[in-house]
Amino acid sequence: MALCVEASEVVEIFQWKEIDDLLSETEKEMLKQEIGDILIYLIEISDKFDIDVIDAASYKIGLNENKYPAELVRGKMNKYTGYE
Ligand SMILES: [Mg+2]
């Protein structure tokens, strides 16, 4: 639950902004702190279940590469079922 709250705090920083909008120094500081909060919770959860966080990320990237082949999805934002 705390992880969701921390993720929401990241979203809050970007609420009402366009993706390319720059962040103020204050917002960057807030983002840094929230990313730290999230990573701490992820590491705690990973440790509890004996999961290597870097291995998990690499594994998921591999799965996504298969699910979303670059030649099919580049420049699009459809769910994977939209490419079948
Ligand atoms: Mg926080």
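Nothing in this text is a laboratory measurement; each read-out follows from the coordinates by a stated rule. All values reported here derive from a predicted model rather than from experimental measurement. Positions of Cβ are generated from backbone atoms using ideal geometry, with glycine treated the same way; all protein chains shown enter the neighbour counts.
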> Once both labels are modelled 7 Å past Cα along the beta-carbon direction, what's the D50-V10 spacing in nm?
Replying inline: 2.8
> Hey, any idea what Rg/Rh is for the chain, computing Rh the Kirkwood way over Cα pairs?
Replying inline: 1.05
>> About the Cα centre, and with charges only on the beta carbon of Lys, Arg (+1) and Asp, Glu (-1), how big is the dipole of the chain? Nearest 20 debye, please.
In response: 480
> Which pairs in the list K48/K79; K17/K79; K28/K60; K32/K60 are over 30 Å apart, alpha-carbon to alpha-carbon?
Replying inline: K48/K79
